[in-house]
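To start, the structure itself, in structure tokens.
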Amino acid sequence: MSAVLISILCLYLLREGFEYVLQYINLVHLKKHGMSVPSELMGTIDETLLQKTREYEAEKTRFSFFSSIFGNIITLAFFFGGILNLYNSWIVSFNLSFVLSGLVFALVLSYANTVFSIPFSLYRTFRIENKYGFNTMTPKLWIVDLAKSLILSTILMSLIIIVGLWLIEASPNFWWIWVWGFFLIFSLFMMYIAPYVIEPLFNKFTPVEEPGLEEKIKDLMGRVDIRVSRVFKMDASRRSTHTNAYFSGIGRVKRIILYDTLLRSMDHTEILAVLAHEAGHWKKKHILKMIVATEIFSFLGVYISFRALQSDFLAQLFMIEHGTFYAKVLVLGLLGGILSFPFIPLSSYISRRFEREADQFACELSSNREAMISTLIKLSKDNLSNLHPHPLYAAFYYSHPPVVERIRQIKKGCR
């Protein structure tokens, strides 16, 4: 094993070890402070709920440790133990075309990953989520969802791979531009059709039946020039008791989706507070900014990949006998994951900043501080959110500010 490969292995282990340390200190922090009630939530939660929250977070963390270790063993064996070379040589032995070889290469790996993930998904759903009262999914529905997901992912992945590899083969010197453009168009297309084609495959969407709620929502959104085509209720309770709401659609006209679990746990003022926050994301152009930033980095990433894939250095580095394009892409993905790790806290910081801006916008739009606070408290209680994350862990992984921090900020800045 070369010195460069040993360095890559060390960097990989260092990244994974750092993640384990973060999880560990977060768990220790929770055990130490998990039974104390923050002053912002005094009188709204009790020791029974705190104990349940602490146990839920601890069990999720332990499960994450175990599943991550298993995944890392597979990854190490695959990339550093010679399995990638054997697998790649097996694909080459079929003497298929460039496009078809790449398609088979990717699909078989995808199916293998699904098979490996099934036991963990079953345990998480029917053991952990069931134990804490979240899971409402039946084994039959789980199997149906898995079958639908496999079929859908096969169709979409096949389309992406076939078109992407065809562009690479057709334009070997400029494929990076065409592939980037195709991915951009495809992602925007999926954003448009997903609410109408893909989401209904898994959930049932019906008009909201609560008297006056749709009119209140349209009036609230109209005040910030957001047109609402329809307000739908989603049968989320078929799978889980977790609560949520979201917007879908491109442009000024939106579809608003409310989980039926959200409708059961919140009154109209609280639902409006949730949607005022979501409106803040659209009016502050957070979604657009994230898309633009993602595409800029994707453009750079595809170009760097183009340059890196022109030689057989990656194949030789990982001792791959046949330097196929798709094997080198897989190695590049591993390296990209290692090198991009330091950017995780930056991405999380930007996301948390967007959430604070959306909260402030909701304050100005709804002018109902109490409803916003009660909404956050209910969401926290309904989802058993960790009220005491370690600051370093939150800085790295939290896309939203911790709930106590959000409530504190709303009390301070919302009039």
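The values are calculated or read from the model by the stated rules, or taken from the named source; none is laboratory data. All values reported here derive from a predicted model rather than from experimental measurement. Neighbour counts are summed over all protein chains in view; Cβ atoms, including those assigned to glycine, are modelled from backbone coordinates with ideal geometry.
Every test in (1) under 26 Å from residue 370 (Cα atoms); (2) in contact with a Phe, Trp or Tyr (Cβ under 9 Å, 6 or more places away or on another chain); (3) not small (Gly, Ala, Ser) is passed by residue 272 save one, and that test is (2). Just one of the listed residues (93, 110) is more than 28 Å from the chain's Cα centre (by Cα) and not hydrophobic (A, V, I, L, M, F, W, C), and it is 93.
Given the residues 286, 242, 281, which is the only one that is modelled with pLDDT of 90 or more and farther than 30 Å from residue 178 by Cα?
Numbers: 286 fails: farther than 30 Å from residue 178 by Cα; 242 fails: modelled with pLDDT of 90 or more.
Being modelled with pLDDT of 90 or more and farther than 30 Å from residue 178 by Cα holds for just one of 286, 242, 281, which is 281.
Scanning region 386-415 for residues that are surrounded by fewer than 18 Cβ atoms within 10 Å (Cβ to Cβ), among the polar types (S, T, N, Q) and under 23 Å from residue 31 (Cβ atoms) yields nothing.
Quick check on residue 184: is it farther than 30 Å from residue 54 by Cα and either exposed (fewer than 14 other Cβ atoms within 10 Å of the Cβ) or aliphatic (A, V, I, L, M) (or both)? Write out each step before concluding.
On the way: farther than 30 Å from residue 54 by Cα: yes; either exposed (fewer than 14 other Cβ atoms within 10 Å of the Cβ) or aliphatic (A, V, I, L, M) (or both): yes.
In short, yes.
A Cβ distance below 9 Å, combined with a sequence gap of six or more or placement on separate chains, defines the contacts here; from region 69-90, residues that are part of a helix (DSSP H, G or I) reach residues that are polar (S, T, N, Q) and buried (at least 18 other Cβ atoms within 10 Å of the Cβ) in the pairs 88/324. Scanning region 52-68 for residues that are closer than 14 Å to residue 380 by Cα and either without any contact (Cβ under 8 Å) to a residue 24 or more places away in the chain or more than 27 Å from the chain's Cα centre (by Cα) (or both) returns no hits. None of 75, 61 is closer than 23 Å to residue 15 by Cβ, at pLDDT 95 or above, surrounded by 15 or more Cβ atoms within 10 Å (Cβ to Cβ) and not charged (D, E, K, R) except 75.
Determine if region 15-24 includes at least one residue that is farther than 30 Å from residue 318 by Cα, in contact with a helix residue (DSSP H, G or I) (Cβ under 8 Å, 6 or more places away or on another chain) and either at pLDDT below 85 or not hydrophobic (A, V, I, L, M, F, W, C) (or both). Yes - at least one qualifying residue is present in region 15-24.
Here is a list: 50, 22, 9. Which entry is in a helix (DSSP H, G or I) and closer than 21 Å to residue 396 by Cβ? Show your work before the answer.
On the way: 50 fails: closer than 21 Å to residue 396 by Cβ; 9 fails: closer than 21 Å to residue 396 by Cβ.
Only one candidate passes the filter, namely 22.
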